[in-house]
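Note sheet for the following structure.
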Amino acid sequence: MDGATTNLDGWRGLLAYTGLLLTGAFSIVVLFSFGGQVMVAPALLPIQWLVARHTRGFVSVSFSVLGGLLAAEVAWIALAVVIGEDASALLVATILAAGLAAGWVFFKISRPRPVS
């Protein structure tokens, strides 16, 4: 999908929309898994970025938000594992800030460029 108004009729359109629906549903399920995000994120984040970047409207925003949430959750988990269980309040705040920053960065870079 090139980001422009695309006419997807017939089987091609059905496959494209089904793929987007399945990818979106899988993205939501991954957000609620316990640790599965870390294993799936290296493959799912690029897919979410590509879909968000090359579509418009609700689909683009949805995949930007889903990817941002996944990036934030993975950053949160990774820093929590590195720091360990004996983290002070300052370290917990750092972990939270890093997770939020990762999610925000993903959201911002996945948005399509304005058409001039």
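Being at pLDDT 90 or above and open to solvent by 60 Å² or more (accessible area, probe 1.4 Å) is a description that does not apply to Ile109. Note on the stretch 1-31: among residues that are open to solvent by 70 Å² or more (accessible area, probe 1.4 Å) and modelled with pLDDT of 90 or more, the one that is nearest to Lys108 (Cα to Cα) is Ile28.
Would you please list the contacts, defined by Cβ atoms under 8 Å and residues six or more apart or on different chains, that run from a residue in the stretch 90-109 that is within 10 Å of Ala75 (Cα to Cα) and in contact (Cβ under 8 Å) with a residue 24 or more places away in the chain to a residue that is open to solvent by 70 Å² or more (accessible area, probe 1.4 Å) and in a helix (DSSP H, G or I)? Every condition considered, the pairs that remain are Gly99/Trp76; Gly103/Leu69. Taking every residue in the stretch 23-41 that is in a helix (DSSP H, G or I) and pairing it with any residue that is surrounded by 14 or more Cβ atoms within 10 Å (Cβ to Cβ) and of a type in the set (S, T, N, Q), at least 6 positions away or on another chain, the pairs with Cβ-Cβ distances below 8 Å are Thr23/Gln48; Gly24/Ser62; Ser27/Gln48; Val30/Gln37; Leu31/Gln37. Does Phe34 satisfy being more than 30 Å from Tyr17 (Cβ to Cβ) and exposed (fewer than 15 other Cβ atoms within 10 Å of the Cβ)? Here the answer is yes, as Phe34 does meet what is asked.
The values are calculated or read from the model by the stated rules, or taken from the named source; none is laboratory data. Just so it is clear, the model here is predicted, and its values are computed rather than measured. Every residue, glycine as well, gets a Cβ built from its backbone with ideal geometry; the counts of neighbours run over all protein chains shown. SASA here: full protein model, heavy atoms, side chains in, ligands and nucleic acids out. Shrake-Rupley method; radii C 1.70, N 1.55, O 1.52, S 1.80 Å.
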